[in-house]
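Okay, so here's the structure we're looking at.
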Amino acid sequence: WTHFETLTTGTLPYDIGNLQDLEILYLNKNRLSGPLPPSFYNLSQLQQFRAWENRNLLQEPFSTGFNGTIASEIGNMKALVSFIAEKNSFEGELPAEFGSLTELEVVYFRFNDITGESPFCDADIPNLARQEYMSIEMDCLEENGVSEVNCQCCNVCCSDITDVCRDQG
């Protein structure tokens, strides 16, 4: 497994997908930025991806964190159990293929720019029966009647605007 938590800056290498046996990748509290490279989705053995708090605009070295969209190729990552990416700058809608990962138990996307419908609440996906023990945290807290993400099955809903989270339990 690989663990970096030392204010590393830069981007993920474009050829990270060559690490075919990588099961755990922790990139917490760094200043990494840029999109996930296309080869990232080739990490078919990856079980845990943790990259929280890469966005920091208050102290040097400054970073917007990881950004861009999550590609539909995430559906190739069948071993994925947790994807923790809070406090980055991911944007757009999460692909339906993300919600189809049957091993997935933990998903944290709070304090990003994710929008649209959560793919984890769809009644047609295999995860629906497992939602009782899944932990899902996204920016789904309504502020002035609007939320960034529509997530009826989230455990915790947050607002990127007010930096507030509420347990939906």
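Just so it is clear, none of the values below were taken in a lab; they were calculated from the coordinates. Only a predicted model underlies this, so the values are computations on that prediction, with no experimental measurement involved. Cβ sites come from the backbone with ideal geometry, for glycine too, and all protein chains shown count toward neighbours.
Once both labels are positioned 7 Å from their Cα atoms along Cα-to-Cβ, the gap between residue 167 and residue 21 label points is 4.2 nm. Placing a label point 7 Å from the Cα of residue 78 along the Cα-to-Cβ direction, the residues of the stretch 12-38 whose backbone N falls under 16 Å of that point are 21. Each residue, residue 39 and residue 93, gets one label point 7 Å from its Cα in the Cβ direction; the gap between the two is 3.1 nm.
Whole-Hz Karplus values for the stretch 86-99 come out as 5, 6, 10, 10, 4, 9, x, 7, 7, x, 4, 4, 5, x Hz, taken residue by residue from phi with 6.51 cos²θ - 1.76 cosθ + 1.60 and θ = phi - 60°; glycine and proline positions read x. Simple point charges give the picture: +1 on the Cβ of Lys and Arg, -1 on the Cβ of Asp and Glu, and for the chain a dipole about the Cα centre of about 440 debye. Between 157, 140, 121, the GNM of the chain built on Cα springs shorter than 10 angstrom shows 121 fluctuating the most.
For the chain, a/c is not less than 1.5, where a ≥ b ≥ c are the root eigenvalues of the C-alpha gyration tensor, and a/b does not top b/c. That puts it in the oblate class.
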